[in-house]
1. At 1.4 Å probe size, with no ligands or nucleic acids counted, give the accessible surface of residue A:150 in Å², nearest ten.
2. How many percent of the accessible area of chain B is carbon or sulfur, using a 1.4 Å probe?
3. Could you tell me which of B:375, A:44, B:205 has its Cα farthest along the dipole of the protein assembly as shown towards the positive end, charges placed at Cβ (Lys, Arg +1; Asp, Glu -1), taken about the Cα centre?
4. Between segment A:15-43 and segment A:120-158, how far is it from one alpha carbon centroid to the other, in angstrom?
5. Mind checking the mean number of beta-carbon atoms from other chains within 10 Å of the Cβ atoms in A:48-59?
6. Over segment A:6-124, calculate the relative contact order: mean separation of alpha carbon pairs under 8 Å at least 6 apart, over the residue count, as a percent.
7. How long is the protein assembly as shown along each principal axis, judged by its Cα atoms, biggest number first, in Å?
8. I'd like the distance between the alpha-carbon centres of segment B:243-258 and segment A:53-103, rounded to an integer number of Å.
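The values are calculated or read from the model by the stated rules, or taken from the named source; none is laboratory data. Quantities reported herein were computed from a predicted structural model and do not represent experimental measurements. Don't worry about glycine lacking a Cβ; one is built from the backbone with ideal geometry, like all the others, and counts go over all protein chains shown. Protein only, heavy atoms only, side chains kept; ligands, DNA and RNA dropped before computing areas. Shrake-Rupley method; radii C 1.70, N 1.55, O 1.52, S 1.80 Å.
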Amino acid sequence: MNALRNDLQLVADWIAPDSRVLDLGCGDGSLLARLAATRGVTGYGLEIDPEKITHCVERGVNVIQRDLDRGLSDFDADSFDYVVMTQTLQSVRRPDRLLEEMLRVGREGIVTFPNFGHWRLRGYLGFFGRMPMSGALSYTWYDTPNIHLCTLHDFEALCTERHIDIIERSTLSHDLRRPRLAGVMPNLLAEIALYRFRRAG
Amino acid sequence: MPKTIPSDSVGLVAPRHARFDEPLALECGRELPGFELVYETYGTLNADASNAVLICHALSGTHHAAGYHTLEDSKPGWWEAIIGPGKPVDTNRFFVVCSNNLGGCHGSTGPATVNPATGEPWGPDFPMVTVHDWVASQARLADHLGVHRWAAVVGGSLGGMQALQWAIDYPDRLANAVTVAAAPRLSAQNIGFNEVARQAIRGDPDYHEGRYQAMGTVPRRGLMLARMLGHITYLSDEAMHEKFGRDLREGKPDYDFHYGVEFEVESYLRYQGRAFINRFDANTYLLMTKALDYFDPAAAHGGDLARALAGVQARFLVLAFTSDWRFPPARSLEIVRALLDGNKDVSYSEIEADHGHDAFLMPIPQYRDVFAGYMGRIAREIGA
């Protein structure tokens, strides 16, 4: 079995055995395949890219071709233990609505996204006065899928506003290793943020 | 005529017949005393009979799904794009079976074959058969071939509906179902088109209430019209525009202001209609369209497809084409949603294609890739 990307490994560690998972923007299905093989997890991936869909069916991962901007209306409320979305939140049209949808169909949500508050990005914009490009954000401003970039603080503020409880947070540097000073000034030092959350109350 | 047979073709094939003498109780309440199915097979059944794939054909399809009957054949079988060595349904790995449906006109028992009770062709007296009956008859063929459980049952259009019916009727006799460009039931518009086709046939003076064989006639006009109408629904507006546009028939510089063939599209449809007369029986066409109309597995469950599929064990691959307006992607998604509701294994892909419904017959790369990926996983799992 190939090694999982570090962020996916962290996500996998958060998922309880034998649970049901919906993976939004599941890519080539590596997370679901790993979860099925190691934790008896069942579920589906949603993906829009035909090539990635082919990879999913090749490895036996259930995948439904869907555009996340059309919501999750194919799924009933509370039909999953977890709804996961890795590195996709920043590229959907309405991240706020999708977060709500995630918590409609799932008991818990897990997202990962690039932190726009990272010091290098701030420095790039501050010093050069141009839109930053870095490891996690390697696109030009005019040709990027990342249309809704946010910082850790932004995300946490949105959760508060929408009555979403954050259960767990983790951060990674851009080479996807845990930053040495994990927990210290994460909004400045983390390149990738990972959150597990549920509806408050 | 293929000068040489392409290396990715199954090559020369010959149909076979299987006779079943046990009576078959039909959904309509009548019974067939016995029946015969004509079928073809490609590839080799493995020792534990785990690599068999059943192909279900569409409305006007036949058991001749791949390869050539003779070197003089102008065309290979109808799913040559999908079945063959190295193709999505890889005959190097799978034992592939395709039978002509009961009620067909290509060698299986149907309206044009002889009714043993009278010694005359069945004609319009052939009982109404349904998709459920086809599946029951194919289950006997599976027994005959020594196949207890299909690695996959696969079909496009009406054939996809048949694959769905297989998963409902014999949940433990197939590991996978692949439905391509199908729907869980016909819409009013679909039934409407079928009814116009039937009226074209039944209103033909040569139809003689279905006893045209005895009268020595063929309802050519009606059958031709039915096929012309069908053809329009198989193509997208874009595909017709691409293929014909408003081009005048070859060689014509200008309008002639008459009712003969002016446009290329008229010429094409007439050609398709005429060609159909030679290879299809009118009573079979009526029967097949009715089988389509009646198909509705959810009906017995208050219209709830998820409940109809509650017992399904097979994993599903559901494929649809963007420009298919006969069975558009939304109809395939009804199947997907019902399977999701029941937590069944299902994958769905929507193939970008502008050919309309007929896209399921074409070698479209995205279509072949995802289909091959799915079948490849099955082959790996059974060690084929």
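1. 20
2. 51
3. A:44
4. With segment A:15-43 and segment A:120-158 each reduced to a Cα centre, they are spaced 29 Å.
5. Averaged over the peptide's residues, the number is 6.
6. It rounds to 24 percent for segment A:6-124.
7. 93, 62, 50
8. Centre-to-centre (Cα) distance: 51 Å.
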